[in-house]
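Peer 1: The structure follows.
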Amino acid sequence: MGWHYGLNINTPVIFPRNNRDNMIKGINISKSFGNKKVLNKVNIKIKQGEAVVVMGPSGSGKTTLLRSLALLDKPDSGKVVVDDKEFVFPNDSDFKKPYPKVTVVYQQLFLWPHLTNRENITLAVENTDYATQLDELIDYLGMGKFIDNYPNQSSVGQKQRVAIARALILNPKYIFFDEITSALDEKQVNNIIKIIDDLKRKNIGIFFITHHNHVAEKIGDSIIHMNETE
Amino acid sequence: MSILEIIIQYREGFAQGLLVTLELCLIIWLSGLVIGGLLGWLSSRYKLYFDAPIRLIAFTLSGIPVLVFLFWLHYPLQSLLQIQINPFITATLTLSIINIFSVSDIVRNGIKDIPKQFIETADVCGISHKKRFWKIELPLIFRHAISPFIIVQVNMLHMTLFASLISVDEIFRVAQRVNSIIYKPVEIYTALGIFFLMISLPLNGLALWFKHKYARDFSEK
């Protein structure tokens with residue numbers, strides 16, 4: 001399946017919306033840091049093709065929730081279900097995490113600085129025939145001018161697109177975005193909104209943390225407001 | 001007698017001394033790279049068993065002057081154990097130990113200073129541990145460690161001079177011998193200085209170049 005989303009082209013493309021019952025579920029997720037209970041029996045669903053937007057003040061546990069659902073950190077208790085696979089906590093043993101089916105785009109992006117943008121995107125790809133998909137992503141995200149630059153030679157907006165391409169080339173089913181709009185100008189934010197909209201149409205489940213109300217309203221199928229924790 | 005004439009006249013002695021110095025250096029540098037690199041990696045990976053002892057030894061060694069350590073291994077220790085070891089081996093062992101723990105420190109810090117999010121990002125991209133090590137961790141450690149590593153190796157080259165004090169016939173001892181015959185200290189030690197500059201300056205320049213080239217690498221933490 002190609003990546004003809006139409007950020008640079010105007011023709012809309014219809015994407016299959018199969019497997020709509022697949023989802024990531026967080027069931028009774030709790031997480032504390034010392035005496036501070038950051039998450040208290042949180043229940044959440046992220047369906048494929050839909051975007052769950054999470055808002056709230058700093059320290060309200062947004063990133064903790066992301067990290068728990070994306071299985072980057074183990075919750076103290078609760079259950080994370082990724083499609084048909086269950087991860088029950090507390091769980092002391094190491095378990096095989098569902099990456100890159102589930103993947104994360106961080107606020108700070110964390111592009112590997114010793115690799116070019118192109119190498120950053122393709123490093124994780126195991127099959128060798130990714131050229132067409134890469135070309136489509138370069139075209140779609142408008143990365144032609146800086147694809148062979150190093151991250152430190154690229155602007156924040158450009159690096160953001162590289163980080164998104166790095167996630168997309170892995171054909172994930174769910175992508176977690178951690179405040180990626182916070183350092184962007186209005187035009188760049190609008191581009192992100194369009195990208196997220198395209199990803200939803202490609203049947204990718206989105207978990208999106210943002211401070212921008214208008215972003216939440218435009219992309220969110222459901223919006224969760226988190227309050228400051230005790 | 002000019003510097004050149006002295007070098008030509010005593011070329012065999014100088015060549016022999018140079019060879020011993022380079023031999024010393026090669027062993028010290030290689031042991032530092034291989035064993036020090038390994039200890040640094042073990043120290044960062046298995047904190048419980050390796051980190052504390054290695055750091056303790058490195059810390060203790062950093063407080064002992066090289067000459068004291070060398071003399072201690074050469075005289076009291078051999079006397080205590082009632083053995084006699086070739087001074088070349090003693091010098092090599094002493095300087096290798098110092099280099100090994102210096103390099104292990106550099107490597108451990110290099111590993112520690114890689115932002116863990118670079119590793120986490122590799123994980124969420126589904127990159128295998130093996131690929132992650134070769135393609136991400138090792139290049140980042142290299143960039144972080146190469147400059148201090150080279151500077152330490154240049155210092156080790158300079159420290160080989162101490163070997164002359166326990167009768168190792170390296171280049172400094174040869175220079176002293178020649179000087180005792182012809183008494184031309186200005187010419188002889190100038191030649192020695194130029195020799196060390198010829199090796200040290202390019203290496204120091206290389207270290208600076210790496211430092212400048214890679215300093216920006218962690219700016220995206």
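The values are calculated or read from the model by the stated rules, or taken from the named source; none is laboratory data. Here the structure is a predicted model, which means the values were calculated and not measured. Heads up, the Cβs are rebuilt from the backbone with ideal geometry, glycines too, and the neighbour counts pull from every protein chain shown.
Peer 1: Hey, could you check region A:132-152 for residues that are without any contact (Cβ under 8 Å) to a residue 12 or more places away in the chain and in contact with a helix residue (DSSP H, G or I) (Cβ under 9 Å, 6 or more places away or on another chain) and say which is farthest from the other protein chains (Cβ to nearest Cβ)?
Peer 2: If we take residues in region A:132-152 being without any contact (Cβ under 8 Å) to a residue 12 or more places away in the chain and in contact with a helix residue (DSSP H, G or I) (Cβ under 9 Å, 6 or more places away or on another chain), then A:G144 is farthest from the other protein chains (Cβ to nearest Cβ).
Peer 1: Given the residues B:L67, B:L56, B:L93, which is the only one that is at pLDDT 90 or above, assigned to a helix (DSSP H, G or I) and surrounded by 15 or more Cβ atoms within 10 Å (Cβ to Cβ)? Spell out the reasoning first.
Peer 2: On the way: B:L67 fails: surrounded by 15 or more Cβ atoms within 10 Å (Cβ to Cβ); B:L56 fails: surrounded by 15 or more Cβ atoms within 10 Å (Cβ to Cβ).
Only one candidate passes the filter, namely B:L93.
Peer 1: Just one of the numbered conditions (1) assigned to a helix (DSSP H, G or I); (2) surrounded by 13 or more Cβ atoms within 10 Å (Cβ to Cβ) is not true of B:I181; which one?
Peer 2: (2)
Peer 1: Looking at B:Q84 and the list (1) free of Cβ contacts under 8 Å to residues at least 12 places away in the same chain; (2) of a type in the set (S, T, N, Q); (3) assigned to a helix (DSSP H, G or I), which single condition is not satisfied?
Peer 2: Here B:Q84 meets the rest and fails (3).
Peer 1: Run down A:V88, A:V104 and say which single residue is aliphatic (A, V, I, L, M), within 14 Å of chain B (Cβ to nearest Cβ) and in a strand (DSSP E or B).
Peer 2: A:V104
Peer 1: Does A:K79 satisfy being in contact (Cβ under 8 Å) with a residue 24 or more places away in the chain, touching a strand residue (DSSP E or B) at 6+ places or on another chain (Cβ under 6 Å) and away from chain B (no Cβ under 13 Å)?
Peer 2: Yes; evaluated as a whole, the condition is true for this residue.
Peer 1: With the requirement that a residue be part of a loop (DSSP other than H, G, I, E, B) and surrounded by 19 or more Cβ atoms within 10 Å (Cβ to Cβ), what does region A:219-230 give you?
Peer 2: A:G220, A:M226
Peer 1: Among what's in region A:131-169 and is touching a Ser or Thr at 6+ places or on another chain (Cβ under 6 Å) and surrounded by 15 or more Cβ atoms within 10 Å (Cβ to Cβ), pick the residue that is nearest to B:T121 (Cα to Cα).
Peer 2: First, pick out the residues of region A:131-169 that are touching a Ser or Thr at 6+ places or on another chain (Cβ under 6 Å): A:146, A:148, A:150, A:167.
Next cut, surrounded by 15 or more Cβ atoms within 10 Å (Cβ to Cβ) only: A:146, A:150, A:167.
Values: A:F146: 21, A:Y150: 17, A:A167: 10 Å.
Applying the filter and picking the extreme gives A:A167.
Peer 1: Sort out which residues of region B:107-145 are facing chain A (nearest Cβ under 9 Å), in contact with a Pro (Cβ under 9 Å, 6 or more places away or on another chain) and of a type outside the set (A, V, I, L, M), and write them in order of number.
Peer 2: Those that are facing chain A (nearest Cβ under 9 Å), in contact with a Pro (Cβ under 9 Å, 6 or more places away or on another chain) and of a type outside the set (A, V, I, L, M): B:F118, B:C125, B:G126, B:R143.
Peer 1: Please enumerate the residues belonging to region A:182-218 that are part of a loop (DSSP other than H, G, I, E, B) and modelled with pLDDT of 90 or more.
Peer 2: A:K202, A:N203, A:I204, A:T210
Peer 1: Looking only at region A:101-113, how many residues end up being buried (at least 18 other Cβ atoms within 10 Å of the Cβ) and at pLDDT 90 or above?
Peer 2: Qualifying residue count, region A:101-113: 9.
Peer 1: Now for a separate question. Inspect all residues belonging to region A:56-76 and state whether any of them is within 14 Å of chain B (Cβ to nearest Cβ) and under 17 Å from A:E228 (Cα atoms).
Peer 2: For region A:56-76, residues within 14 Å of chain B (Cβ to nearest Cβ) and under 17 Å from A:E228 (Cα atoms): present.
Peer 1: Moving on. Please count how many residues of region B:20-50 are more than 17 Å from the chain's Cα centre (by Cα) and part of a helix (DSSP H, G or I).
Peer 2: Within region B:20-50, residues that are more than 17 Å from the chain's Cα centre (by Cα) and part of a helix (DSSP H, G or I) number 9.
Peer 1: All but one of (1) over 14 Å from the mean Cα position of the chain (by Cα); (2) surrounded by fewer than 22 Cβ atoms within 10 Å (Cβ to Cβ) hold for A:N120; state the number of the condition that does not hold.
Peer 2: (2)
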